[in-house]
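Below: the structure, in C-alpha cells.
Bear in mind that the values in this text are calculations on the coordinates, not laboratory data. Model, not experiment: these values are computed from the prediction. Because the Cβ atoms are built from the backbone with ideal geometry, glycine has one as well, and the counts that use them run over all protein chains shown.
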Amino acid sequence: MKCLGLMSGTSGDGVDCALVEIEEPHGRLQVKVLGAETVPYSRTLRSFLQAVHYPGRVDDVVRLHVVLGEVFAQAALRLLHRLELSREAVDVIGSHGHTVRHVTRPRRIPGIGLVRASFQVGDPAIIAERTGITTVADFRARDVAAGGEGAPLTPYIHHLLFQHPHRSRLIVNLGGIANVTYLPAAGRFQNIQAFDVGPCNLLLDALVRQATHGTRTMDRQGRLALQGQVHQPLINRLLRHAFFRKPPPKSTGREDFNDQFLSRVWQQAQQENLSVTDLLATSCGFIVQAIARSCKWVDGPVDEVIVGGGGVRNSMLFKQLTQVMAPAPVTSMDKHDSWSKAFESIAFAILAYQTIKGRCTNLPRVTGARHPVILGTIVPGQRFRCLVNSETSDGDLSTERVTSQRTPLT
C-alpha cells in the first residue's frame, strides 16, 4: 500500500511531504521510502500563520483551515508529479495539518468538567477532494477525548523503526519543539517513555527573524551560532521556566513558548550585551541542556542517541548535543535508514495506514490517555471502498514490528 504523509511543524516554514510503500509479509511491517520533499510557505503565508497563533481571530483561523487544505493538496500532487506517479497509485494520505492551538493545561467548564484541546488546520476534506485520495487527519483529537494530551504521537513510530534488542536508545526530534522518546533495550510499546522538552527551531528561527528584520528566516546549518560563545547565566535563567519542572506526560507549543517568551529572551540578551551570534550559540546551549536534563525522567541508561528533525542540519546544535550526551554516541536518523528531515511526514503516512487497518497507535503512558484508541478522522476518497480491509488487527500494540528500507531520492 502506498501512503503519503503531510506535516507542518511548529516552525511554520513549509509542508513536509513523504511517500512510503508499506507491506506486511507475515505480520511484519516493511516501510520503504519512495520520495520526500519540503514545499516552503510563501512569505505571505508564513506571516498569516504567525498572526493567527496570537491573538488568532476565529474568521482568520477558518480561512487558514481552507488555505492550508489547498496548500497541502498541492504539495501532495507536486511530490507525485516529481516521482512520476499518478494519484490513483496512492491509497491513503495522512495529514497532520498545522497546530494553531495545543491547550494541554485542563480548564474546568461548568457542567462539562476538565477540558483539554488541540486543534490543527488544513482541511482534510479539501485534500481528499483535490487529490481524490482517502485522507486521514485530526490525529490528536481521539487521544484528547480519551483523557490524553494528544501528543506526542510519533513515539509509536520511533519504536517501530528504531527499537534495538540490546541498546537503550533516546530518540531526539529537533523540530519547532524538541521532544524525546526513550526506547529501553528489547522493550515493548508499554515500556516507551516520551514527552516534549521545550522550544527548538521555534526559538532559533524567531531570533534570526528578529535580528535580520525578517530578511532571514533561519540560521542555515548553524553558521551564525558557530561563530558565537555560549553565555551560561542566560541559559540558567531560561531553564527556570515552569515547563521544565513539570513531570511527564507533557507536551507543549506556542501556548507556553509564545511571542512573549521570545521577546523576553531577546531583551535579556540585550541586557547582557550579547551579539546575535552569541545569542544563537547560547540558545543552542539552552536547547541541548534542556534535552540532557530531561533524561532524569527516563527509567534507565541511554546507550545511544538518534536525532531527527530540521535541527539535525544545524551544526552548532548537533555539536553541542554530541558534547552534552557523551559518552553516548549521537547519530542522525539518516545513519539508520530513515530520513531525518522527513521523519514526521513519514510517521503520519504510517499512522494513516494503521488507522485504515483499525489499529490503536496512541501510547497511553506517553500521552496520559485512559486507554489505547484508533487515531484520526477518515475522509473517503474515490477508491475508499476498495481500500478498507475487513481483516484488521485486534489492536495489540505489543505484536507490531517493522523494518525500514531507504530508497535514494533523485
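Tell me the relative contact order for region 10-69 as a rounded percent, counting alpha carbon contacts under 8 Å between residues six or more apart.
Computed over region 10-69, the figure is 30 percent.
Charge tally around G308: other residues with Cβ under 10 Å, Lys/Arg +1 each, Asp/Glu -1 each, net -1.
Find out how many positive minus negative residues lie around I235, taking Lys and Arg as positive, Asp and Glu as negative, among other residues whose Cβ is under 15 Å from that of I235. Charge balance near I235 sits at +2. At q = 0.15 Å⁻¹, what log₁₀ I(q)/I(0) does region 157-328 have when each alpha carbon counts as one equal point scatterer in the Debye sum? Taking Cα atoms of region 157-328 as identical point scatterers yields -0.80.
Helix 201-211 axis versus longest C-alpha principal axis of the chain: approximately 50°, rounded to the nearest ten.
Our note on the geometry: Cα centres of region 19-38 and region 128-179, 16 Å apart. For the pair R105 and Q229, the difference between a 0.36 nm per residue extended length and the Cα-Cα distance amounts to 41.1 nm. In this label model, T212 and R43 are separated by 1.2 nm, measuring between points 7 Å along each Cα→Cβ vector.
Suppose the chain between S315 and K32 were pulled fully straight at 0.36 nm per residue; how much longer would it get relative to their current alpha carbon spacing? Let's see the in-between values first.
On the way: separation 283, 0.36 × 283 = 101.88 nm, distance 2.81 nm.
Difference between extended and current length: 99.1 nm.
The angle between the Cα long axis of helix 276-294 and the main principal axis of the chain comes to about 60°, on a 0 to 90 degree scale. In the chain, the longest principal axis of the Cα atoms and the axis of helix 343-356 are about 30 degrees apart.
For the chain, a Gaussian network of Cα nodes joined below 10 Å ranks Q221, Q232, Q30 by mean-square fluctuation, and the top entry is Q232. The mean sequence separation of alpha-carbon pairs under 8 Å and at least six residues apart, normalised by the residue count of the chain, gives a relative contact order of 24 percent. Remark: relative contact order (region 182-276) = 33 percent; criterion is Cα-Cα distance under 8 angstrom and separation of 6 or more residues.
Sum -39500 (n - 2.57) across every DSSP H segment of at least 4 residues in the chain, then divide by the residue count to get the 222 nm mean residue ellipticity, nearest 500. Provide the component values of the computation, followed by the final result.
Values: 13 runs with 139 residues, N = 410.
The helix-only estimate for the chain comes to -10000 deg cm²/dmol at 222 nm.
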